[in-house]
Structure formats: structure tokens, C-alpha cells
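Each reported figure results from applying straightforward, stated rules to the coordinates on display, with no laboratory input. All values reported here derive from a predicted model rather than from experimental measurement. Glycine gets a Cβ as well: all are built from the backbone with ideal geometry, and neighbour counts include every protein chain shown.
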Amino acid sequence: MAHFGVVAPAFYSHVNALAALAIELTARGHRVTFLQRPDATAYLDDERIGFHAVGAATHPPGSLAATLRRAANPGGPLGLRRVIDDMAQTTAMLCRELPAAIETLRIDAILGDQMEAAGGLVAEAVGLPLISVACALPVNREPGLPLPVMPFGWGEDERALRMVEGSTRVYDWLMAPHRRVIEAEARRLGIPVRGMLHECLSSLAQISQTTASFDFPRRHAPPYFHHVGPLRHAARANAKHAPLPPIAAGKPFVFASLGTLQGHRFGLFRRIAHACRQLDVQLLVAHCGGLTAQQGAALRDAGATWVCAFAPQREALARADAVISHAGSNTVMDAIAARTPILALPIAFDQPGAAARICHAGIGLRASPRWTGAGGIARLLRQLLDDPSFAPRLDALAADVASAGGTPRAADIVETTLRLRQAQPVTA
């Protein structure tokens with residue numbers, strides 16, 4: 001059996017998805033240890049999963065909260081540059097600290113989140129096999145394919161191709177601090193120099209939480225790229241959640257969540273609550289601990305039927321007639337699996353790209369989280385509730401999710417790639 005080291009950003013959604021894979025692998029007799037800054041241990045609450053803290057000198061206990069605040073509220077260009085600098089500093093720290101930790105722990109292979117370059121760099125430097133996992137939209141690049149962070153759709157006309165080319169240049173310019181760190185660490189580690197996240201991926205196996213039918217058309221994905229659908233595990237499904245409230249039959253039910261990083265956005269939740277009051281629908285708000293009790297009460301006064309920190313998301317989506325979401329990858333894939341149409345209010349990271357794919361697939365609508373008022377949200381939500389055309393498209397994508405294999409198939413790919421089990425046919 002193998003000992004896997006997991007290298008991922010210190011974000012709850014990423015750790016949660018990889019923890020599901022970790023539990024599946026431990027059930028098969030393997031050992032799994034996450035390697036990150038000390039504060040990230042708070043995301044893991046299962047004794048089957050190990051955690052090894054690194055980088056306490058530069059990323060001491062208590063420092064993650066400020067990093068998360070900056071990521072959740074980047075603001076203008078200077079704030080965005082600070083977020084990119086945080087990414088760069090974390091990558092540099094991990095590249096310095098991981099080799100010794102890997103040797104001490106006797107790690108056999110690395111499971112590397114696509115959003116953290118250090119996993120790929122260090123695995124190559126120390127001679128360990130790497131499996132890349134896309135917990136967010138895949139960063140794999142193809143000509144004409146919009147980057148995950150871009151808000152526009154896919155197209156093959158000249159204008160669409162120009163938009164992809166120009167936006168990619170702007171993105172690469174913004175990411176220059178991170179690129180310089182990756183280049184410097186590659187030189188220091190004695191491996192071929194590269195500078196971007198998509199250049200730090202596995203050449204053995206790449207696993208994505210998406211399905212091909214949800215993503216934009218990929219025509220040049222490597223043969224070892226695998227869409228497996230959501231990485232979930234029943235053992236983690238209800239760890240923090242209150243029971244689903246009693247939902248009245250015969251009246252539309254809407255679930256609203258902005259994820260763990262954006263759950264503090266009281267003003268946006270209030271507009272959602274006002275919109276649901278206009279439509280006379282039941283609304284469950286899950287703010288992931290981002291709001292105070294007083295703000296929760298204010299949302300109920302504004303039109304929310306229930307307000308809680310954490311809800312059983314998959315159960316809520318299975319009951320919901322629509323979901324209002326920041327378009328985070330986990331929520332989107334769970335909504336597809338539940339056949340629930342999505343009103344996307346993308347805020348940051350790959351959420352604009354996810355919203356563009358929602359519209360491309362015809363499974364929801366999008367709006368501006370900053371500029372769309374309660375009336376605009378109500379109008380779009382009314383369309384989601386009344387338009388029957390979303391249902392067949394959701395049915396088709398949900399069938400793809402159901403057949404993609406999820407966490408067990410991801411574990412099969414890991415074991416087969418590393419020859420830890422008898423080879424099985426693996427399809428994309």
C-alpha cells in the first residue's frame with residue numbers, strides 16, 4: 001500500500017474535495033497526509049486523514065485568516081496583486097519545505113491540486129509520481145479555449161478567438177509575480193524551468209471534478225485527462241450541517257449559498273431575500289459562518305424563510321426548485337447532479353468561467369453580484385422556475401455526472417496509474 005502526500009491550496013472547498021478522495025484511498029488500505037501551513041489542519045476533521053504542518057516560520061498559526069480575507073475581498077488592482085503575491089509566497093514556502101517533509105514522512109506519491117504549482121515542482125524534483133486533481137475548473141490550456149477565470153463564452157469566430165488571446169495575455173501579465181516564483185523554484189530545485197500552473201501538471205494522470213458535457217469543448221486534452229464528476233464522500237457529507245428545515249409542499253423552494261469565502265456578503269444575501277419575498281417562495285440561506293446572528297435575523301425580516309451557517313447542500317439541492325449561487329465548482333456540480341437550475345452570481349476565481357459554462361450548457365442564468373438589484377434577481381429567478389427548457393438539459397448533464405464515476409473512479413485511476421491495482425479500462 002502507498003502513502004500519498006496531498007498538496008493543495010489552503011481553501012476549504014479544495015481540501016474538502018481532496019479529503020473525499022483521501023477517505024476513499026484510506027478505505028482501500030492506503031495512507032494519506034495533507035501537507036500545508038499549520039492553520040489548514042482546521043479543514044480536516046477525520047482521524048483517517050493525516051496532516052503535517054509546514055512553513056510555520058513564514059506562515060505561522062493564525063495567519064491564514066488574513067490571507068482568506070484578502071482572497072474573499074481583493075478589491076481593486078492593488079488588492080488583486082496582493083492575492084497573487086499570497087499565492088506566490090505559499091508556492092515558494094511549499095517548494096522549500098516539502099522535500100524534507102516528504103522524506104521524513106516517507107511519502108510515495110503526490111496528489112497535487114492543479115491550483116498549487118508546488119506539488120508538481122517538488123514531485124519532479126524528488127522523483128515521486130504525481131497525480132494532478134482539478135478541484136476547480138481545469139487550468140489545462142487549449143487554443144481558443146477561454147481560461148477558467150474569464151467570464152465570456154466559447155466560440156470559434158474571429159472575435160471569440162481574439163478575446164481568448166487578449167484575455168490570456170492580460171491574465172499572464174497579472175500573474176507575473178507567481179510566474180517568477182515558479183521559475184525561480186524550478187531552477188533552485190534543479191528541474192526544467194516553467195512558469196505557469198498549466199505547466200506544472202502530471203504527465204501520468206489528471207483528474208477533474210467536471211464532466212465533458214459541462215466544460216467548453218476540449219479537443220486537445222491529453223489521453224490521461226479524466227472527467228470523473230464531483231469528488232464527494234458520505235462520511236463528510238453532514239459533518240457540520242443542521243438538518244434540512246421543514247419545506248412546505250406546493251410552494252417553490254430556493255436554496256442560496258455563496259460558499260465559504262463569500263458567505264459574509266450580507267448585502268447580496270439581502271437582495272436575494274427581497275427577490276424571494278417578491279416571488280413568495282421559500283428561501284434557505286446558508287452563509288457558511290460568514291454572518292452574525294443579527295444579520296441572519298435581518299435576512300429573515302427581508303424575506304428569507306430560514307438562515308443557517310451550514311446546510312446539507314446535496315439534500316437541499318435535491319429539494320430545491322432553483323439555487324442561487326456564486327458558481328463555485330462544488331455547488332455547481334452538486335446542482336447538476338440534483339437537476340437544479342442555477343442562478344449564478346460569480347464573484348471571484350473561476351466562478352465567472354463556471355457561470356459562462358452554465359449559460360453555455362443551458363442549465364441556468366447569470367447576473368452581476370454587484371449591479372443586479374432585487375428586482376433583477378426576482379425576474380431571473382422567475383424565469384428559472386417557469387421555463388421548462390432547463391429540465392432536459394439538466395437531465396442530460398446529471399446523467400453524465402451519475403455515470404462519471406466520482407470518488408471511487410478517481411481512486412481507481414490513482415491506483416491503476418501507479419500500478420497499485422490490476423489495470424482496468426479507464427476512459428475520459
Contact order relative to length of the chain, as percent, for alpha carbon pairs under 8 angstrom and 6 or more apart: 15
Least to most buried among GLU103, GLU97, GLU315 (fewest other Cβ within 10 Å first): GLU103, GLU315, GLU97
Debye-sum result for region 237-402 in log10 I(q)/I(0), which assumes one identical scatterer on each alpha carbon, at q = 0.14 Å⁻¹: -0.62
Nonlocal amide H pairs with ARG37, under 5 Å, H built at 1.01 Å: VAL54
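Roughly speaking, what is the stretch gain from SER63 to GLN383, that is 0.36 nm per residue apart minus the C-alpha to C-alpha distance, in nm to one decimal? Please list the in-between numbers first.
On the way: separation 320, 0.36 × 320 = 115.20 nm, distance 4.35 nm.
Result for the pair: 110.9 nm of gain on full extension.
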Tilt relative to the chain, helix 176-189 - C-alpha long axis, 0 to 90 degrees, to 10: 30
Proximal charge balance of ALA361 [Cβ under 13 Å; K/R count +1, D/E count -1]: +1
Leading residue at positive end of dipole, the chain (Cβ point charges), from CYS200, GLY29, GLY250: GLY250
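Would you work out the relative contact order for region 237-402, in percent, from Cα pairs under 8 angstrom that are 6 or more residues apart? Walk me through the numbers before you get to the answer.
Numbers: 310 pairs, mean separation 37.0, N = 166.
This gives 22 percent for region 237-402.
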Electrostatic dipole magnitude of region 237-402 [Cβ: Lys, Arg +1; Asp, Glu -1; Cα centre; debye, to 20]: 360
Sorted largest first, extent of the chain alpha carbons per principal axis (Å): 61, 52, 47
Dipole in debye (nearest 20) - the chain, about Cα centre, beta carbon charges: Lys, Arg +1; Asp, Glu -1: 680
Fewest-first ranking of GLU47, GLU24, GLU165, using other Cβ atoms within 10 Å as the exposure measure: GLU47, GLU165, GLU24
Folded to 0 to 90 degrees: helix 158-174 orientation relative to the chain principal axis, Cα: 60
Centroid-to-centroid separation of region 386-420 and region 263-306 [C-alpha atoms, Å]: 32
0 to 90° range, to nearest 10: angle between helix 77-105 axis and the chain longest Cα axis: 50
Extreme residue, positive dipole direction of region 237-402, given options GLY263, SER329, CYS359 (C-beta unit charges): GLY263
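So what is the diffusion coefficient of region 105-186 in µm² per second by Stokes-Einstein at 25 °C and 0.890 mPa s, using a Kirkwood Rh over Cα pairs? Could the numbers behind the result be given before it?
Numbers: Rh = 14.7 Å.
Answer, rounded: 167 µm²/s.
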Structure-based [θ]222 nm, the chain - -39500 (n - 2.57) summed over DSSP H runs of at least 4, per residue, nearest 500: -14000 deg cm²/dmol
Dipole magnitude of region 337-411 about its Cα centre (Cβ charges: Lys, Arg +1; Asp, Glu -1), debye to nearest 20: 160
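Where in region 341-428 are there chymotrypsin sites (Phe, Trp or Tyr not before Pro) that are in a DSSP coil and have at most 11 other Cβ atoms within 10 angstrom of their Cβ? All intermediate terms of the calculation are to be shown ahead of the outcome.
Details: sites: PHE349, TRP371, PHE390; in loops: PHE349, TRP371.
Within region 341-428, the qualifying chymotrypsin sites (Phe, Trp or Tyr not before Pro) (loop, at most 11 other Cβ atoms within 10 Å) are TRP371.
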